[in-house]
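Q: Just dropping this structure here.
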Amino acid sequence: MSTATTNPESSSQSPRAGRKSGTGTGGVSKAGGGRVDSFWDRPLDTTTEVVTPENIAFEYQLAGPFRRLPAYLIDVLVRYAIIFFLAIALMFIVGMIAWGTLGAFAIGFGLVSYFLISWFYGAGMETYFNGRTVGKWSCGIRVIDVDGCPITGRRAIIRNLLRIADLAPLAALSSLGEDVPPVFFIPTGMVGLVCVICTSRMQRLGDIAAGTMVIIDEKTWRLPTAKVDDPRVAPLASFIPGDYAISRSMARTLAVYVERRHYLTPARRLEIARHLTLPLLDRFDFDPKVDADLLMMALYHKTFIADPSQEPADLGVLAGYSPLRNAANPMPAS
């Protein structure tokens, strides 16, 4: 997994800042000689983080076995439903034409269809439906590459072909009763379950070989928090409408701008910021004289730093000023 790197002048903090860090697989020694906080005593972390080249961190919630099992069972039912209706349709069509002539062809076509659906249903669905099958879509999960990119056809085929290994070992149904013939087996899935439990990304053998992981179909993204010293940024951010939803492209733009603004002259910084914020002035009903660079920093603050659960920012000495158009007391320029 790639790691986030930021310029030292941006005074960035790690995306993991504030989260308790691990101490290896051992424990932490106490003064009395005892060991606490061992590896097995720590809470299971079901999140993983992917940092893009734009320095935006996407945090994914990993899907555990109890969420993946219902999805798999739904896909099994879907596969057999497709096979059943295909067989009925094939028998009906061939029966109406000439069973004696096309019977062998129908049987061969049915066997080939059974093989393709059984082995490549998952790979095809995951390739063309953004990592989702019917079961995964129903359970709100999907498959992605470990670097956060959409799954490719080659990776989808690898992970689905190795599913048979994850379903091992097989248990004979004859162990449940003497009347059951010893030729019927059910997969226990113990190999896959052990792999999911023991890997940090909750990957089964197929995921490890393909370089994929299964996530809950929700993601949050955030930028490593940069230090903002201007006291006007937080008050200006409080005037940005609460229903304004930042797009991914705009978030990427903000990330690059804040990271590189220290290398720009004030004039160049203002030129770039004015070009980016000009459409937002009318949308926010802001005074055209509002500093464009300050507005970019306010958008950055609102998107990546401000906590929606906290109280609105204290305006302090700027109380009574407003960036809104036709305001009696416009916000000071410096």
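Q: Given (1) open to solvent by 30 Å² or more (accessible area, probe 1.4 Å); (2) under 20 Å from L69 (Cβ atoms); (3) in contact (Cβ under 8 Å) with a residue 40 or more places away in the chain; (4) not charged (D, E, K, R), where does V146 come up short, assuming only one miss?
A: (2)
Q: Return the only residue of D243, D291, D282 being more than 26 Å from A57 (Cα to Cα), surrounded by fewer than 15 Cβ atoms within 10 Å (Cβ to Cβ) and of a type outside the set (A, V, I, L, M). Break it down stepwise before answering.
A: On the way: D243 fails: more than 26 Å from A57 (Cα to Cα); D291 fails: surrounded by fewer than 15 Cβ atoms within 10 Å (Cβ to Cβ).
None of the others qualify; the one that does is D282.
Q: Which pairs do you get when a residue that is on the phi > 0 side of the Ramachandran plot, found in the stretch 115-135, comes within reach of a residue that is open to solvent by less than 40 Å² (accessible area, probe 1.4 Å) and not in a helix (DSSP H, G or I), reach meaning Cβ atoms under 7 angstrom, with the pair 6+ apart or on two chains?
A: N130/R142; G131/R142; G131/V143; G131/I144; G131/I151
Q: Which is closer than 30 Å to W99 by Cβ, open to solvent by 40 Å² or more (accessible area, probe 1.4 Å) and not hydrophobic (A, V, I, L, M, F, W, C), of Y121, Y128, Y114?
A: On the way: Y121 fails: open to solvent by 40 Å² or more (accessible area, probe 1.4 Å); Y128 fails: closer than 30 Å to W99 by Cβ.
Sole residue among the options that is closer than 30 Å to W99 by Cβ, open to solvent by 40 Å² or more (accessible area, probe 1.4 Å) and not hydrophobic (A, V, I, L, M, F, W, C): Y114.
Q: Would it be correct to say that A234 is over 31 Å from the mean Cα position of the chain (by Cα), in a helix (DSSP H, G or I) and among the small types (G, A, S)?
A: no
Condition check ((1) open to solvent by 50 Å² or more (accessible area, probe 1.4 Å); (2) closer than 24 Å to V194 by Cα; (3) modelled with pLDDT of 95 or more) across all residues:
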| residue | (1), (2), (3) |
| --- | --- |
| E49 | no, yes, no |
| Y60 | no, yes, no |
| F66 | yes, yes, no |
| D75 | no, yes, yes |
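Q: Identify the residue in the stretch 246-279 that is assigned to a loop (DSSP other than H, G, I, E, B) and not small (G, A, S) and, among all such residues, is farthest from F58 (Cα to Cα). Steps first, answer last, please.
A: Filtering the stretch 246-279 for residues assigned to a loop (DSSP other than H, G, I, E, B) gives 246-247, 264-265.
Now restrict to residues that are not small (G, A, S): 246, 264-265.
Details: I246: 15, L264: 28, T265: 31 Å.
For the stretch 246-279, the residue satisfying everything is T265.
The values are calculated or read from the model by the stated rules, or taken from the named source; none is laboratory data. Please read these numbers as outputs of a predicted model, since none were measured by experiment. Note that each Cβ is placed from the backbone with ideal geometry, even for glycine, and that neighbours are counted across all protein chains shown. Side chains are part of the model used for accessible areas, which takes the heavy atoms of the whole protein and leaves out ligands, DNA and RNA. Shrake-Rupley method; radii C 1.70, N 1.55, O 1.52, S 1.80 Å.
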